[in-house]
Amino acid sequence: TGPKARFNTPGHRYRFGYFDMVPVSTSGGPRLNVVNSVRVHDEYLYGISEVSNSWPAAAMQAQVIAARSYALSKVKHGVRKRCACHLDDGDGPYSDQFFTGWAKASSASGNLWVDAVNATHASETTGLAVLYAGVPIRAFYTSSTGGLTQASKDAWGGALPFAVSVDDHWSLIPQN
């Protein structure tokens, strides 16, 4: 976009929030980092592209709740120095969730994804999330597990009480 142009026109990745430009130190020297600051409640989630817009509404809503829970868990831990952000779309030093911004909501059947996000709103300012002991969890997710999930202690070495091994025979069906 150019001078005095706006991001809310078709074809732009960014439509919501505002931009913060901050210098960050890297091994290659200082660089300018641009962070798109958006509301986790809805604006951020409108741009999450982990699943297809053609999935059933309930599956998309479950993905929204997992994505919101994960995002809130990252926000709780504060801003990361390396990216001056809470969450990274995968283009920076971290790869949290696949964020494509306005491209998701404006894509084919993007309205179905937006509807799924909106369906998980508990109020105008809060949305459904998974909590453990009152704190949002890092909701790990995958579309296929081979029939059984792995406990966090076996996968990463840190035991999380909410990330235990469970049966997932549903991922073995041919449609998956």
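The values are calculated or read from the model by the stated rules, or taken from the named source; none is laboratory data. None of these values were measured; they are calculated from a predicted model. Please note: Cβ atoms are built from the backbone with ideal geometry, for glycine as well, and neighbour counts cover all protein chains shown. All accessible areas refer to the heavy atoms of the entire protein, side chains included, with ligands and DNA or RNA removed. Shrake-Rupley method; radii C 1.70, N 1.55, O 1.52, S 1.80 Å.
Might you let me know whether segment 6-22 holds any residue that is under 11 Å from the mean Cα position of the chain (by Cα) and modelled with pLDDT of 80 or more?
The answer is no, given that none of the residues of segment 6-22 is under 11 Å from the mean Cα position of the chain (by Cα) and modelled with pLDDT of 80 or more.
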| Looking only at segment 77-104, which residues are without any contact (Cβ under 8 Å) to a residue 60 or more places away in the chain and among the small types (G, A, S)? | G78, G90, G92, S95
| task | Output the helices (runs of 4 or more DSSP H) that fall wholly within segment 61-176 and possess 3 or more residues being under 21 Å from S37 (Cα atoms), or say none. | result | 102-105, 110-119
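Conditions (1) open to solvent by 60 Å² or more (accessible area, probe 1.4 Å); (2) in contact (Cβ under 8 Å) with a residue 60 or more places away in the chain, marked per residue:
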| site | (1), (2) |
| --- | --- |
| S107 | no, no |
| G127 | no, yes |
| A133 | yes, no |
| T149 | no, no |
| query | Is there a residue in segment 83-103 that is open to solvent by 50 Å² or more (accessible area, probe 1.4 Å), touching a Phe, Trp or Tyr at 6+ places or on another chain (Cβ under 7 Å) and closer than 23 Å to I137 by Cα? | reply | no
| request: Among the residues of segment 154-176, write down those that are surrounded by fewer than 14 Cβ atoms within 10 Å (Cβ to Cβ) and either more than 25 Å from P56 (Cβ to Cβ) or among the charged types (D, E, K, R) (or both). | output: D154, A155, W156, G157, G158, A159, P161, V164, D167
